[in-house]
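Visitor: Pasting in a structure now, in structure tokens, and then I'll have a few things to ask.
The values are calculated or read from the model by the stated rules, or taken from the named source; none is laboratory data. Quick caveat: nothing in here was measured; it's all calculated off a predicted structure. Counting neighbours? That spans all protein chains shown, and the Cβs are built from the backbone with ideal geometry, glycine included. Side chains are part of the model used for accessible areas, which takes the heavy atoms of the whole protein and leaves out ligands, DNA and RNA. Shrake-Rupley method; radii C 1.70, N 1.55, O 1.52, S 1.80 Å.
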Amino acid sequence: TPMYTATSKLYVLNSSGAAISLSDLQVGSSLASDYMEVFKNWHVHEMVIQRLGVNYSYKQLSNMVSVSNPTDTRTVTDADPNEAKLIADTYAQVAKEFIATTMDTEEPNLFEEALLPTSPSSPSKTKNIMLGFLLGLVIAAGVITVKFLMDDKIHSAEDIEKYVGLPTLGVMPRQTTKAAAPKRGRKENDAE
């Protein structure tokens, strides 16, 4: 089944005023690591299920979503590209609200909404073709090797000496059979 991937991004920054300092950036980076745990929380999964009205279990949603840092992307993989985009955007929105209310911090900014995927992210046709070619090559080599090892026919005079242990006195070359000349009928033979 072709799978589609949609990605949304949150921007985490802890700023106390108009000017952003290096410590704000460092705190924002460590908060991003903490916020990754939010996406494993069943409350967040439940909020997404309620907003979208989908019939997924927590485990199914958890398997569809991947969260990474430092890019802080929320990637959703689904067989339906529209659903993948919708789930990614809803997760980002729910996480923003959950983080602000539960952790009593500033709400992260939605940096980028997910784009509607236009092409499947998996399976990779090129990769599958290459793997199929390599597998076919290995199987063909195995079949040829087995046929060679299992071949116990005598092909030459050396094979006779090797397998039977008797010396070869002579070798007759193989003759090809030609089409037999048509036999003449009795009347033709009598006429001659």
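Visitor: Residues 129, 144, 160: which one is in contact with a Leu (Cβ under 9 Å, 6 or more places away or on another chain), assigned to a helix (DSSP H, G or I) and either surrounded by 11 or more Cβ atoms within 10 Å (Cβ to Cβ) or modelled with pLDDT of 80 or more (or both)?
Guide: It is 160.
Visitor: Are there any pairs, at least 6 apart or on different chains, whose C-beta atoms fall under 6 Å, with the first in region 115-132 and farther than 9 Å from residue 5 by Cα and without any contact (Cβ under 8 Å) to a residue 40 or more places away in the chain and the second β-branched (Val, Ile, Thr) and open to solvent by 100 Å² or more (accessible area, probe 1.4 Å), and if so, which?
Guide: none
Visitor: Residues being over 19 Å from residue 5 (Cβ atoms) and open to solvent by 50 Å² or more (accessible area, probe 1.4 Å): count how many of those fall in region 79-104.
Guide: Residues flagged as over 19 Å from residue 5 (Cβ atoms) and open to solvent by 50 Å² or more (accessible area, probe 1.4 Å) within region 79-104 amount to 5.
Visitor: For region 68-100, which positions are at pLDDT below 80 and assigned to a helix (DSSP H, G or I)?
Guide: 99, 100, listed by residue number.
Visitor: A follow-up question, please. Taking only region 163-181 into account, find how many residues are assigned to a helix (DSSP H, G or I) and open to solvent by less than 100 Å² (accessible area, probe 1.4 Å).
Guide: Adding up the residues that qualify gives 1.
Visitor: Checking residue 189 against (1) modelled with pLDDT under 75; (2) open to solvent by 100 Å² or more (accessible area, probe 1.4 Å); (3) part of a helix (DSSP H, G or I), which test does it fail?
Guide: (2)
Visitor: Test each condition in (1) touching a Phe, Trp or Tyr at 6+ places or on another chain (Cβ under 9 Å); (2) open to solvent by less than 80 Å² (accessible area, probe 1.4 Å); (3) more than 18 Å from residue 4 (Cβ to Cβ) for residue 58 and report the one that comes out false.
Guide: (2)
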